[in-house]
Amino acid sequence: MTAAALIVAAGRGTRAGRNGPATPGPVPKQYAQLGDRTVLAHAIAAFEACPGIAAITVVIHPDDRDLYEVAVSGRSRKLTPPVVGGATRQESVRLGLEALRAASPPGVVLIHDAARPFVARDTVERIVAALKEHTGAIAAVPLPDTLKRQSGHGLIGETIARDGLWKAQTPQGFRFPEIEAAHASAARAGAPAFTDDAAIAEWANFDVALVTDSPRNFKITIAEDMAMAEQLMTSSQPAFEPRTGTGFDVHAFCPGDHVWLGGVRIPHDKGLDGHSDADAPLHALTDALLGAIGDGDIGQHFPPSDPAWKGAPSRLFVEDAAKRVAARGGRIANVDLTILCEEPRIGPHRDAMRGAIAAMLGIDATRVAVKATTTERLGFTGRKEGLAALATATVLLPA
């Protein structure tokens with residue numbers, strides 16, 4: 001069965017009280033920074049690591065497109081275009097299912113909350129396996145605590161037997177035709193809001209199996225949850241060792257009316273000569289990242305003899321290098337670029353370059369440095385025949 005993941009990230013909850021990458025002020029919890037990436041990016045990575053998941057679709061709020069693009073930059077080759085959600089989680093899931101059907105309906109779909117960053121690959125695989133025998137299967141945890149029902153005035157009314165009680169988590173997996181039909185029927189019938197997709201499955205009268213999950217697959221809601229998530233990240237981190245790579249690139253000026261530098265289009269009375277867009281800082285950065293992980297150079301992966309890269313935006317090369325770092329379990333700690341030129345002036349565009357590069361790498365802009373200098377009118381840069389760029393990248397790889 002072809003399996004797809006549908007990650008619901010259209011909520012507006014900011015009670016976790018954290019900022020996102022290069023974002024001042026609290027953001028919706030799925031875009032909050034957790035370690036080296038956002039909460040949403042951790043959830044995506046969990047499904048990316050599962051060979052049985054062929055595609056990953058994220059449902060987002062219409063106001064969050066920029067936050068989403070930063071969160072997913074360089075993260076997953078399985079991602080499909082995001083889907084704009086609705087006013088409720090239930091509506092967002094239905095719209096996501098409709099988008100999957102319109103594109104290429106999978107055999108099964110796993111619906112997951114973006115605010116659960118610690119879902120395990122084993123849980124995902126066991127849910128998919130359970131769907132061979134059942135119409136639905138959800139991640140769940142048996143309740144270990146004694147439950148009390150309040151009677152009023154803060155007093156205990158009764159003790160509820162915990163035998164057979166489970167706490168539902170996500171992902172919740174279903175055979176695609178059945179769950180899509182159930183959501184559509186619930187919408188047409190004006191059924192009351194359901195708290196999860198398994199409840200809609202119950203309403204539609206098809207069987208749903210319980211798959212034992214881990215308590216660490218909890219949902220981040222408030223600041224205390226985020227603090228617990230950070231502690232869990234720290235305690236489970238593998239040992240890392242730093243690797244440093246360097247890059248250098250040169251391009252000559254040619255007739256034109258603009259140059260691309262650091263992913264930013266800068267008006268100029270000349271252009272830069274090159275097979276791609278001739279963005280020398282990004283070319284140097286690509287080589288620095290590849291050098292840090294010992295994976296060849298830009299010419300090996302994107303040879304200028306290949307017409308596919310004629311006029312290509314150099315951000316594609318940087319994003320590919322970032323994906324190669326991520327594929328090795330690595331993190332980009334920081335990058336440092338120096339541009340050598342007499343013109344154009346770099347200072348007015350420095351912050352725009354830092355933001356663009358941070359978005360390509362999926363890191364905070366505080367981890368990106370862009371500097372400029374001249375060669376005191378010496379050499380080809382001093383004669384304004386072209387410009388050069390130096391880059392250094394520090395990457396943390398599992399020891």
Note: among LEU79, LEU95, LEU67, just one is among the hydrophobic types (A, V, I, L, M, F, W, C), out of contact with any Gly (no Cβ under 8 Å at 6 or more places or on another chain) and surrounded by fewer than 23 Cβ atoms within 10 Å (Cβ to Cβ), namely LEU79
Checking ALA49 against (1) in contact with a Leu (Cβ under 7 Å, 6 or more places away or on another chain); (2) hydrophobic (A, V, I, L, M, F, W, C); (3) in contact (Cβ under 8 Å) with a residue 60 or more places away in the chain, which test does it fail? (1)
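Rundown of residues vs (1) in contact with a helix residue (DSSP H, G or I) (Cβ under 9 Å, 6 or more places away or on another chain); (2) among the aromatic types (Phe, Trp, Tyr); (3) closer than 18 Å to ASP336 by Cα; (4) without any contact (Cβ under 8 Å) to a residue 24 or more places away in the chain, yes/no style:
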| site | (1), (2), (3), (4) |
| --- | --- |
| ALA223 | no, no, no, no |
| MET233 | yes, no, no, no |
| PHE253 | no, yes, no, no |
| ALA280 | no, no, yes, no |
| HIS283 | yes, no, yes, no |
| THR286 | yes, no, yes, no |
| GLY291 | no, no, yes, no |
| PHE302 | yes, yes, no, no |
Residues satisfying the stated conditions in the stretch 303-320, i.e. under 13 Å from ASP277 (Cα atoms) and assigned to a loop (DSSP other than H, G, I, E, B): PRO304, LYS310, GLY311, ALA312, PRO313, SER314
Is one or more of the residues making up the stretch 364-372 buried (at least 16 other Cβ atoms within 10 Å of the Cβ) and assigned to a helix (DSSP H, G or I)? yes
Cross-chain or 6+ apart pairs with Cβ under 7 Å, the stretch 139-152 first and in a loop (DSSP other than H, G, I, E, B), then of a type outside the set (Lys, Arg): LEU143/LEU165; LEU143/TRP166; THR146/THR159
Here are some conditions: (1) in contact with a helix residue (DSSP H, G or I) (Cβ under 9 Å, 6 or more places away or on another chain); (2) more than 30 Å from ALA198 (Cα to Cα); (3) buried (at least 18 other Cβ atoms within 10 Å of the Cβ). PHE218 meets all but one. Which one does it not meet? (2)
Please determine whether any residue of the stretch 179-187 is modelled with pLDDT of 95 or more and part of a loop (DSSP other than H, G, I, E, B). no
Does PHE206 satisfy the criteria of being in a loop (DSSP other than H, G, I, E, B), over 27 Å from PRO117 (Cα atoms), at pLDDT below 95 and in contact with a strand residue (DSSP E or B) (Cβ under 9 Å, 6 or more places away or on another chain)? yes
Just give me the residues in the stretch 321-356 being under 30 Å from ALA46 (Cβ atoms), assigned to a helix (DSSP H, G or I) and small (Gly, Ala, Ser), in sequence order. ALA321, ALA322, ALA326, ALA327, GLY355, ALA356
A careful count of residues in the stretch 215-239 that are at pLDDT below 85 and over 21 Å from the mean Cα position of the chain (by Cα) gives 2
Are there any pairs with C-beta distances below 6 angstrom linking a residue in the stretch 199-218 that is more than 17 Å from ARG89 (Cβ to Cβ) to a residue that is surrounded by 15 or more Cβ atoms within 10 Å (Cβ to Cβ) and basic (Lys, Arg), with the two at least 6 apart or on different chains, and if so which? VAL211/ARG126; ASN217/ARG116
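The values are calculated or read from the model by the stated rules, or taken from the named source; none is laboratory data. Please read these numbers as outputs of a predicted model, since none were measured by experiment. FYI the Cβ positions are ideal-geometry reconstructions off the backbone, even for glycines, and counts take in every protein chain you see.
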